[in-house]
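Asks: The structure is given below, and queries will be raised subsequently.
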Amino acid sequence: MCLAIPGKVLEIKKGTTPLMGIVSFGGIQKEICLDWVDDVKVDEYVIVHVGFALSKMDEKEAMITLNMIEEMEKLGDESKQLGKEE
């Protein structure tokens, strides 16, 4: 299974080949290749898989996806707690 995560573009490093930038994933910042996405701008959201931005995503959809990921993390934490109680 492959998982691509939305992130917010914080910085675009002009003059790099390939085009690189800093993308935030819930406060965690990573250097990401932006070369595959046309006309990407700071404050836009991109879908990222293994360090490569694949496409743009609108902010509303990004927030929905990030909230769903957060809920899955909470369910995983609750499941771990149930296993410890047995």
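Asks: Below 8 Å, C-alpha to C-alpha, sequence gap of six or more: please give me the relative contact order for the stretch 5-85 in percent.
Replies: Details: 129 pairs, mean separation 20.0, N = 81.
The normalised contact order for the stretch 5-85 reaches 25 percent.
Asks: So, one more: Counting only pairs 8 or more places apart or on different chains, how many lysine pairs in the stretch 5-85 have C-alpha atoms closer than 14 Å?
Replies: On the way: Lys8/Lys30; Lys8/Lys41; Lys8/Lys56; Lys8/Lys60; Lys13/Lys30; Lys13/Lys41; Lys14/Lys41; Lys41/Lys56.
Lysine pairs, 8 or more places apart or on different chains, close enough: 8.
Asks: Let me check I've understood the local charge: for Met57, count other residues with C-beta under 15 angstrom from its C-beta, Lys and Arg +1, Asp and Glu -1. What total comes out?
Replies: -3
Asks: Based on the alpha-carbon gyration tensor of the stretch 5-85, what equivalent-ellipsoid semi-axes (square roots of 5 times the eigenvalues) come out, in whole Å, largest first? Intermediate results must be reported in sequence, preceding the final value.
Replies: On the way: eigenvalues 182, 33, 17 Å².
Value: 30, 13, 9 Å, ordered largest first.
Asks: So, one more: Can you give the FRET efficiency for Lys41 and Leu75, using 1/(1 + (r/R0)^6), R0 = 30 Å, r = Cβ-Cβ distance, to the nearest 0.05? Display every interim value, and only then the final one.
Replies: Values: r = 34 Å, r/R0 = 1.14.
The formula returns an efficiency of 0.30 here.
Asks: Dipole magnitude of the chain about its Cα centre, charges +1 at Lys/Arg Cβ and -1 at Asp/Glu Cβ only, in debye to the nearest 20?
Replies: On the way: 10 positive and 17 negative charges, 66 e Å.
Computed charge dipole of the chain: roughly 320 debye.
Asks: Using Cα atoms only, what is the angle between the long axis of helix 59-85 and the major principal axis of the chain, expressed in degrees (0 to 90) to the nearest 10?
Replies: Helix 59-85 sits at roughly 30 degrees to that axis.
Asks: Let me ask something else. Would you mind ranking Leu3, Leu10, Leu66 so that the residue whose beta carbon has the fewest other beta carbons within 10 Å leads the list? Present the calculation step by step, with values, prior to reporting the outcome.
Replies: Working: Leu3 8, Leu10 12, Leu66 17.
Starting with the residue having the fewest Cβ neighbours, the order is Leu3, Leu10, Leu66.
Bear in mind that the values in this text are calculations on the coordinates, not laboratory data. Note that the coordinates shown come from a computational prediction; the quantities given were computed from them, not determined experimentally. Virtual Cβ from ideal backbone geometry, glycine too; neighbours counted across all protein chains shown.
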